[in-house]
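K.L.:
This is the structure, below, for whatever I ask next.
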Amino acid sequence: ARHLLGIEPLGQDEIVALLDRAEIHANEMRDGVTPERRLAGLTQINMFFEASTRTQASFELAGKRLGADVMNMAMGSSSLKKGETLIDTALTLNAMRPDLIVVRHPHSGAVDLLAQKVNCAVLNAGDGRHEHPTQALLDALTIRRAKGRLHRLSIAICGDIAHSRVARSNLLLLGKMENRLRLVGPPTLMPPGISELGVEVFESMEEGLKGADVVMMLRLQKERMDGGYIPSEREYYHRYGLDAEKLAYAKDDAIVMHPGPMNRGVEIDGTIADDINRSVIQTQVEMGVAVRMAAMELLAENLKQANARGAEGI
Ligand code: CP
């Protein structure tokens with residue numbers, strides 16, 4: 001494929017190939033091995049129309065580790081402020097002949113639209129409540145490393161599912177890998193029609209976490225609640241915040257995940273988040289660099305092959 005816009009179009013084989021490639025990068029990083037500069041001579045532009053710490057930093061590091069020329073667009077001080085549209089901004093940057101564009105945007109579908117207008121490879125760094133494919137891939141790699149497999153696991157995704165692109169991409173990926181998926185949260189934070197997707201839905205943490213191998217917590221995404229129901233943080237923590245008592249419902253060796261940024265004392269207790277025997281939150285961040293290296297490398301290879309075919313008139 002030319003772009004990485006979501007998990008939806010990916011097959012099991014493609015996901016495993018990407019994770020295998022990322023695994024090599026992760027091991028090399030751990031061992032202090034300098035990677036081959038497979039993106040040398042290529043230009044990567046990062047366009048983040050929404051706040052980010054992990055995704056933006058790791059895409060930048062990933063590109064630099066592979067030798068790309070990386071440019072971070074400061075969207076807040078760009079000509080968007082003067083009324084230029086997303087598409088005109090993309091066409092302007094496209095004219096500068098980048099090879100890879102990484103985009104985060106608050107509107108679902110905005111990254112797909114942009115990808116249709118440019119000649120380079122586009123990577124979705126999160127669009128609205130639609131998809132966050134590299135997050136799901138780094139979560140998958142983290143689970144595979146912690147559990148030794150990525151299938152037949154009982155995985156509980158808890159909290160604000162309705163507004164979460166992380167939940168959506170994870171459901172798609174982990175579902176393709178034949179896991180048992182359980183969604184836990186208040187009905188007001190569940191997307192409509194979710195039970196038709198072959199997942200189990202629970203309102204109580206006790207029921208939802210029973211026997212889980214993986215407990216994935218999500219942030220309350222108030223910025224996407226559009227004036228709708230926003231639960232009180234105290235009440236929410238009492239019913240859904242992951243503390244030692246609730247974690248005890250899961251398997252004894254269950255791992256705790258959170259994509260970040262986390263709100264301690266709202267969806268997760270700080271001591272659980274910091275417990276290195278249970279929490280793999282820092283590993284998720286570490287795997288983010290490896291997964292983004294693998295994804296950009298793969299798209300750059302595809303681009304090179306497509307250009308070679310074009311030059312030969314195939
Ligand atoms: N998980 C995630 O996307 O984090 P950032 O918003 O910090 O990039």
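The values are calculated or read from the model by the stated rules, or taken from the named source; none is laboratory data. Just so you know, these numbers come straight off a predicted model, no measurement behind them. Note: ideal-geometry Cβ built from the backbone for every residue, glycine included; neighbour counts use all protein chains shown.
K.L.:
So, of the residues in the stretch 253-267 that are of a type in the set (A, V, I, L, M) and within 14 Å of the ligand (Cβ to nearest atom), which turns out to be surrounded by the fewest Cβ atoms within 10 Å (Cβ to Cβ)?
P.N.:
Checked the stretch 253-267; the qualifying residue surrounded by the fewest Cβ atoms within 10 Å (Cβ to Cβ) is Met262.
K.L.:
Moving to a separate point now. From Ala273, Ala250, grab the single residue that is crowded, with 17+ Cβ neighbours inside 10 Å, touching a strand residue (DSSP E or B) at 6+ places or on another chain (Cβ under 6 Å) and part of a loop (DSSP other than H, G, I, E, B).
P.N.:
Answer to the check: Ala250.
K.L.:
List pairs: first residue in the stretch 32-48 and within 15 Å of Asp69 (Cβ to Cβ), second residue part of a loop (DSSP other than H, G, I, E, B) and among the acidic types (Asp, Glu) anywhere in the structure, Cβ distance under 6 angstrom, at least six positions apart or on different chains.
P.N.:
Once the first residue is within 15 Å of Asp69 (Cβ to Cβ) and sits in the stretch 32-48, its partners that are part of a loop (DSSP other than H, G, I, E, B) and among the acidic types (Asp, Glu) give Leu42/Asp99; Thr43/Asp99.
K.L.:
Residues of the stretch 23-56 being farther than 21 Å from Cys120 by Cα, within 16 Å of the ligand (Cβ to nearest atom) and either in contact with a Phe, Trp or Tyr (Cβ under 6 Å, 6 or more places away or on another chain) or not hydroxyl-bearing (Ser, Thr, Tyr) (or both), which ones?
P.N.:
Glu50, Ala51, Arg54
K.L.:
Can you name the condition, by its number, that Phe48 falls short on among (1) at pLDDT 95 or above; (2) farther than 25 Å from His130 by Cα?
P.N.:
Phe48 satisfies every listed condition except (2).
K.L.:
With respect to Val289, is the statement that it is farther than 18 Å from Gly148 by Cα, within 13 Å of the ligand (Cβ to nearest atom) and in contact with a helix residue (DSSP H, G or I) (Cβ under 7 Å, 6 or more places away or on another chain) true?
P.N.:
Spelling it out, Val289 is indeed farther than 18 Å from Gly148 by Cα, within 13 Å of the ligand (Cβ to nearest atom) and in contact with a helix residue (DSSP H, G or I) (Cβ under 7 Å, 6 or more places away or on another chain).
K.L.:
Return the only residue of Glu36, Glu60 being part of a helix (DSSP H, G or I) and either within 16 Å of the chain's Cα centre (by Cα) or of a type outside the set (Lys, Arg) (or both).
P.N.:
Answer to the selection: Glu60.
K.L.:
Do we find that Ala212 is closer than 22 Å to Ile281 by Cβ, of a type in the set (A, V, I, L, M) and in contact with a Leu (Cβ under 6 Å, 6 or more places away or on another chain) in this structure?
P.N.:
Criteria not met by Ala212.
For every residue, the table says whether it meets (1) crowded, with 22+ Cβ neighbours inside 10 Å; (2) farther than 24 Å from Leu173 by Cβ; (3) at pLDDT 95 or above; (4) in contact with a Leu (Cβ under 7 Å, 6 or more places away or on another chain).
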residue: Ile7; (1), (2), (3), (4): yes, no, yes, yes
residue: Leu10; (1), (2), (3), (4): no, no, yes, no
residue: Asp20; (1), (2), (3), (4): no, no, yes, no
residue: Glu23; (1), (2), (3), (4): no, no, yes, yes
residue: Met29; (1), (2), (3), (4): no, no, yes, no
residue: Gly32; (1), (2), (3), (4): no, yes, yes, no
residue: Thr43; (1), (2), (3), (4): no, yes, yes, no
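K.L.:
Next question, about the same structure. Give the residue, chosen from Ala62, Ala110, that is in contact with a Lys or Arg (Cβ under 6 Å, 6 or more places away or on another chain), crowded, with 20+ Cβ neighbours inside 10 Å and not acidic (Asp, Glu).
P.N.:
One residue alone meets the criteria, Ala62.
K.L.:
Which of the numbered conditions does Arg2 fail, given that it passes all the others? Conditions: (1) outside any loop (DSSP other than H, G, I, E, B); (2) touching a strand residue (DSSP E or B) at 6+ places or on another chain (Cβ under 7 Å); (3) of a type in the set (D, E, K, R); (4) within 25 Å of Arg165 (Cβ to Cβ).
P.N.:
In the conditions (1) outside any loop (DSSP other than H, G, I, E, B); (2) touching a strand residue (DSSP E or B) at 6+ places or on another chain (Cβ under 7 Å); (3) of a type in the set (D, E, K, R); (4) within 25 Å of Arg165 (Cβ to Cβ), Arg2 misses (1) alone.
The rows are residues; the columns are (1) within 16 Å of the ligand (Cβ to nearest atom); (2) surrounded by fewer than 23 Cβ atoms within 10 Å (Cβ to Cβ); (3) not charged (D, E, K, R).
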| position | (1), (2), (3) |
| --- | --- |
| Ala68 | no, no, yes |
| Ser77 | no, yes, yes |
| Leu86 | no, yes, yes |
| Pro98 | no, yes, yes |
| Val118 | no, yes, yes |
| Leu141 | yes, no, yes |
| Arg145 | no, yes, no |
| Ile155 | no, no, yes |
| Gly159 | yes, no, yes |
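K.L.:
A further question on this structure: Checking Gln282 against (1) polar (S, T, N, Q); (2) surrounded by fewer than 14 Cβ atoms within 10 Å (Cβ to Cβ); (3) touching a Leu at 6+ places or on another chain (Cβ under 7 Å): exactly one of these is not met. Which one?
P.N.:
Unmet condition: (3).
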